[in-house]
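This report refers to the structure that appears directly beneath it.
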Amino acid sequence: MRIKRMAVGFTAASAALALAACGGGNSGGEGGEGGDGGGQESYTVGITQIVQHPALDAAAEGFKKGMEDAGVDVEYDEQNAQGDQSNATSIAQNFASQDLDLVLAIATPTAQAAAQAISDKPIVFTAVTDPVEAQLVDSLEKPGGNVTGTTDLNPVAEQLELVKKINPDATSVGIVYSSGEVNSEVQVQMAKEAAEEQGIEIKEATVSNSGEVSQAADSLGDVDAYYVPTDNTVVSAISTMVQAAEKNEALLIGSEAGQVEEGAAATYGIDYEALGKQTADMALKILKDGEDPAEMAVEQQSEYQLVINPEAAKRMGVEMDQEFIDSADTVVE
């Protein structure tokens, strides 16, 4: 496997979420040391994650590695909502009653649940596409409350461009997404805008749970490709989308590397483990330096990776040319 990095500029849609650097504050997590942020090196952190899948798991691992690399001792209470919003709410309410120094919320639904239930502890989120639209922060530059973190906004337009780069004759793309996830609605709208410029027709189908993904994919009919946004419900059933793509000989474009490792043909996206480490850096500023989440700008990555799976593309009836393969940051073999 070959890995390299390259930086890219933001798309017009991404520019709307261009983020400032973190600002300083004057308060942080208390953690039994009076909140001065000065000498405490041992913390308790609650982690709430909406569902288990490679991207979110990588973000969690990246966060823990970031904390470990900083030399702090952390006791974690890790909870997974198993894709159920009522579970996410219960986890958040439980965390609200615990003596935690900080809460890490992974993905939009769990971040929303945590923000609604917890007001007296700092919350950092990660893998949230649009924290303003999700009503987690007042603005990206100044969140204004006890919540801040990192966004996983992907370069949707560039991801859709992969359809034409791999299959120049493609004219239609199907998207299956959860009707209950704000992050997905944002990405689908971005995809529609990008598709119009690229001369691609977008077909949509919504689901309420992962068990509906197969039927939703079939309902899209004859499409040249499928696109999977960072939708937690659909990504947790990525194997179903892979099967649909192979059965219908339609290219499957993902939104993060884990999907390509699971059988999608390609993506151009962020490194979720690195995003988790970036989130840990923000948490440490709160815990150790006493910075105020209200004044800490939401952060995002500015480097993306082209990850491809030529063998998966073959199973979908598409042959990648060698020049495109050579341009990849990572080739899944």
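Some observations on this one:
- Val318 being aliphatic (A, V, I, L, M) and surrounded by fewer than 20 Cβ atoms within 10 Å (Cβ to Cβ): no
Yes or no, residue by residue, for (1) part of a helix (DSSP H, G or I); (2) of a type in the set (S, T, N, Q); (3) in contact with a helix residue (DSSP H, G or I) (Cβ under 8 Å, 6 or more places away or on another chain):
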{"position": "Ser239", "(1), (2), (3)": "yes, yes, no"}
{"position": "Leu275", "(1), (2), (3)": "yes, no, yes"}
{"position": "Lys285", "(1), (2), (3)": "yes, no, no"}
{"position": "Val307", "(1), (2), (3)": "no, no, yes"}
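- Put simply, of Asp84, Asp57, Asp36 the only residue that is closer than 21 Å to Ser236 by Cβ, at pLDDT below 95, charged (D, E, K, R) and open to solvent by 40 Å² or more (accessible area, probe 1.4 Å) is Asp84.
- Exactly one residue out of Val213, Val186 is buried (at least 21 other Cβ atoms within 10 Å of the Cβ), over 30 Å from Gln322 (Cα atoms), among the aliphatic types (A, V, I, L, M) and at pLDDT below 95: that is Val186.
- In the set Pro293, Pro310, only one residue is farther than 30 Å from Ala216 by Cβ and either modelled with pLDDT of 95 or more or among the charged types (D, E, K, R) (or both); that residue is Pro293.
- Among the residues of the range 278-295, those that are crowded, with 20+ Cβ neighbours inside 10 Å and either under 11 Å from Thr150 (Cβ atoms) or among the aromatic types (Phe, Trp, Tyr) (or both) comprise Gln278, Thr279, Ala280, Met282, Ala283.
- Checking each residue in the range 141-163 for being over 14 Å from the mean Cα position of the chain (by Cα), over 22 Å from Leu100 (Cα atoms) and open to solvent by less than 10 Å² (accessible area, probe 1.4 Å) picks out Gln159, Leu160, Leu162, Val163.
- The residue list Ile106, Ile123, Ile91 contains one member that is farther than 25 Å from Ser210 by Cβ and crowded, with 21+ Cβ neighbours inside 10 Å, which is Ile123.
- Restricting the range 251-273 to residues that are assigned to a strand (DSSP E or B) and open to solvent by less than 10 Å² (accessible area, probe 1.4 Å) leaves a set whose member that is modelled with the lowest pLDDT is Gly269.
- Inter-residue pairs, beta-carbon under 6 Å, first free of Cβ contacts under 8 Å to residues at least 40 places away in the same chain and in the range 113-125, second open to solvent by 10 Å² or more (accessible area, probe 1.4 Å) and part of a helix (DSSP H, G or I), 6+ apart: Ala117/Gln93; Ala117/Ala96; Ile118/Ala96
- Filter pass, Gln116 being within 15 Å of Ile47 (Cβ to Cβ) and open to solvent by 40 Å² or more (accessible area, probe 1.4 Å): no
The values are calculated or read from the model by the stated rules, or taken from the named source; none is laboratory data. As the structure is a computational prediction, the values presented were derived from the model and not from experiment. Here the Cβ is made from the backbone with ideal geometry for all residues, glycine too, and neighbour counts use every protein chain on show. To get the accessible areas, we keep the full protein, side chains included, count just its heavy atoms, and leave off ligands, DNA and RNA. Shrake-Rupley method; radii C 1.70, N 1.55, O 1.52, S 1.80 Å.
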